[in-house]
1. For the stretch 97-122, give me the residue count where each residue is open to solvent by 60 Å² or more (accessible area, probe 1.4 Å), more than 17 Å from the chain's Cα centre (by Cα) and at pLDDT 75 or above.
2. Evaluate the following for Phe34: is it at pLDDT below 85 and surrounded by 14 or more Cβ atoms within 10 Å (Cβ to Cβ)?
3. Listed residues Ala10, Ala36, Ala27; which is of a type outside the set (S, T, N, Q), touching a helix residue (DSSP H, G or I) at 6+ places or on another chain (Cβ under 6 Å) and assigned to a helix (DSSP H, G or I)?
4. Any residue that is farther than 24 Å from Leu115 by Cα and out of contact with any Gly (no Cβ under 9 Å at 6 or more places or on another chain) - is there at least one of those in the stretch 87-95?
5. Considering the stretch 1-31 alone, what residues qualify as being small (Gly, Ala, Ser) and either surrounded by 11 or more Cβ atoms within 10 Å (Cβ to Cβ) or within 29 Å of Ile69 (Cβ to Cβ) (or both)?
6. Just for the stretch 45-75: of the residues that are outside any helix (DSSP H, G or I), out of contact with any helix residue (DSSP H, G or I) (no Cβ under 7 Å at 6 or more places or on another chain) and at pLDDT 75 or above, which one is surrounded by the fewest Cβ atoms within 10 Å (Cβ to Cβ)?
7. Considering only residues of the stretch 76-96 that are of a type in the set (Val, Ile, Thr) and not in a helix (DSSP H, G or I), which is least open to solvent (accessible area, probe 1.4 Å)?
8. For the stretch 26-49, give me each residue that is within 15 Å of Asp3 (Cβ to Cβ) and small (Gly, Ala, Ser).
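The values are calculated or read from the model by the stated rules, or taken from the named source; none is laboratory data. From a predicted model like this one, the values you see are computed outputs, not experimental measurements. Here the Cβ is made from the backbone with ideal geometry for all residues, glycine too, and neighbour counts use every protein chain on show. Please note that ligands, DNA and RNA were not included when accessible areas were found on the heavy atoms of the full protein model with its side chains. Shrake-Rupley method; radii C 1.70, N 1.55, O 1.52, S 1.80 Å.
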Amino acid sequence: TYDSISHFLAIVMGLFLLISNKEEYMASIVYFIFGALCISSLFTKTPISAYYFYKYYWDSKSFTIDAFIRINRIISASWGVLFLLVSLINNFIIGTSLFNYEGIIVIIAFEVIYLLALYVPKIIYKHK
């Protein structure tokens with residue numbers, strides 16, 4: 001399951017940090033791994049976001065509802081793209097003076113990408 005994969009990856013990342021002493025890369029690695037996990041879950045029967053929503057909000061019958069799975073494929077794809085982009089942005093600022101502001105830059109990146117995802121489809125469909 002995704003919980004087991006997440007636990008394993010957390011251990012691997014912790015060991016990487018202890019061995020490499022490259023803590024400035026940890027955020028980028030975490031974002032990349034989670035993004036890749038979200039994207040790779042699109043090729044499975046049930047995307048990762050479906051497990052999240054099932055665990056906290058739904059019941060096991062949700063997995064039999066086609067619309068639930070389709071919506072969660074879109075959510076997982078969005079999460080994947082978002083986290084991969086933030087990983088890329090984070091890698092560009094490592095070693096620059098902007099790295100001192102990594103937290104705020106990542107938050108702004110998340111917000112910009114969120115706003116684009118929210119408004120661009122409305123703009124596109126408004127003109128059709």
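1. Total meeting the criteria: 5.
2. Answer is no for this residue.
3. Result: Ala27 is the single residue among Ala10, Ala36, Ala27 that is of a type outside the set (S, T, N, Q), touching a helix residue (DSSP H, G or I) at 6+ places or on another chain (Cβ under 6 Å) and assigned to a helix (DSSP H, G or I).
4. If we filter the stretch 87-95 for residues that are farther than 24 Å from Leu115 by Cα, which is where we start, we get 94-95.
Now narrow it down to the ones that are out of contact with any Gly (no Cβ under 9 Å at 6 or more places or on another chain): 94-95.
Scanning the stretch 87-95 turns up at least one residue that is farther than 24 Å from Leu115 by Cα and out of contact with any Gly (no Cβ under 9 Å at 6 or more places or on another chain).
5. Once the filter is applied, which keeps residues that are small (Gly, Ala, Ser) and either surrounded by 11 or more Cβ atoms within 10 Å (Cβ to Cβ) or within 29 Å of Ile69 (Cβ to Cβ) (or both), the stretch 1-31 yields Ser4, Ser6, Ala10, Gly14, Ala27, Ser28.
6. Going residue by residue through the stretch 45-75, those that are outside any helix (DSSP H, G or I) are 45-47, 57-59, 65.
From what is left, the residues that are out of contact with any helix residue (DSSP H, G or I) (no Cβ under 7 Å at 6 or more places or on another chain) are 45, 57-59, 65.
Then keep just the ones that are at pLDDT 75 or above; that gives 45, 65.
Values: Lys45: 8, Ile65: 12.
Among those that are outside any helix (DSSP H, G or I), out of contact with any helix residue (DSSP H, G or I) (no Cβ under 7 Å at 6 or more places or on another chain) and at pLDDT 75 or above, it is Lys45.
7. Ile94
8. Hits for the stretch 26-49 are Ser41, Ser49.
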